[in-house]
1. What is the residue count in the range 28-49 for residues that are touching a residue at least 12 places away in the same chain (Cβ under 8 Å) and either assigned to a helix (DSSP H, G or I) or among the charged types (D, E, K, R) (or both)?
2. Looking at the range 37-52, which of its residues are under 23 Å from I15 (Cα atoms), of a type in the set (A, V, I, L, M, F, W, C) and surrounded by fewer than 15 Cβ atoms within 10 Å (Cβ to Cβ)?
3. Do you know which residues across the range 3-27 are open to solvent by less than 40 Å² (accessible area, probe 1.4 Å), assigned to a helix (DSSP H, G or I) and modelled with pLDDT under 90?
4. Is it the case that Y34 is in contact with a Pro (Cβ under 9 Å, 6 or more places away or on another chain) and open to solvent by 70 Å² or more (accessible area, probe 1.4 Å)?
5. Name the residues in the range 15-31 that are more than 8 Å from the chain's Cα centre (by Cα) and not small (G, A, S), would you?
Amino acid sequence: MPPADLSETEYLRHIELLARDVIDAAHEEGWLTYDRDATPATSLHRAVNELARQIRHYHFSGDGCLEDDPPPMRLAPFSARGGM
């Protein structure tokens, strides 16, 4: 759980990092696809695939993807990749 003192932007960035961990895990398992018509797919697969499409194509100001030289952003003191 992220610290309660995160700003809205920091919280959104934290959630994006967690989403990327889910996407990476699906890719490593070999079933991630950006194809909307992928079959067969479980409801979990469809949800993760849609998450991957959203993360890949849609960004918000302050997420570090739109700015040319974004300032360093303080994130939660733990990484979803490394555990809590």
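1. 5
2. L44, A47 - these are the residues of the range 37-52 that are under 23 Å from I15 (Cα atoms), of a type in the set (A, V, I, L, M, F, W, C) and surrounded by fewer than 15 Cβ atoms within 10 Å (Cβ to Cβ).
3. Listed by number, the residues that qualify are E10, H14, E16.
4. The answer is no for Y34.
5. So the first thing to find is which residues in the range 15-31 are more than 8 Å from the chain's Cα centre (by Cα), and the list is 24-31.
Residues satisfying the conditions are D24, H27, E28, E29, W31.
The values are calculated or read from the model by the stated rules, or taken from the named source; none is laboratory data. Predicted, not measured: the structure shown is a model, and the values here were computed from it. All Cβ positions, glycine included, derive from the backbone under ideal geometry; neighbour counts span all protein chains shown. To get the accessible areas, we keep the full protein, side chains included, count just its heavy atoms, and leave off ligands, DNA and RNA. Shrake-Rupley method; radii C 1.70, N 1.55, O 1.52, S 1.80 Å.
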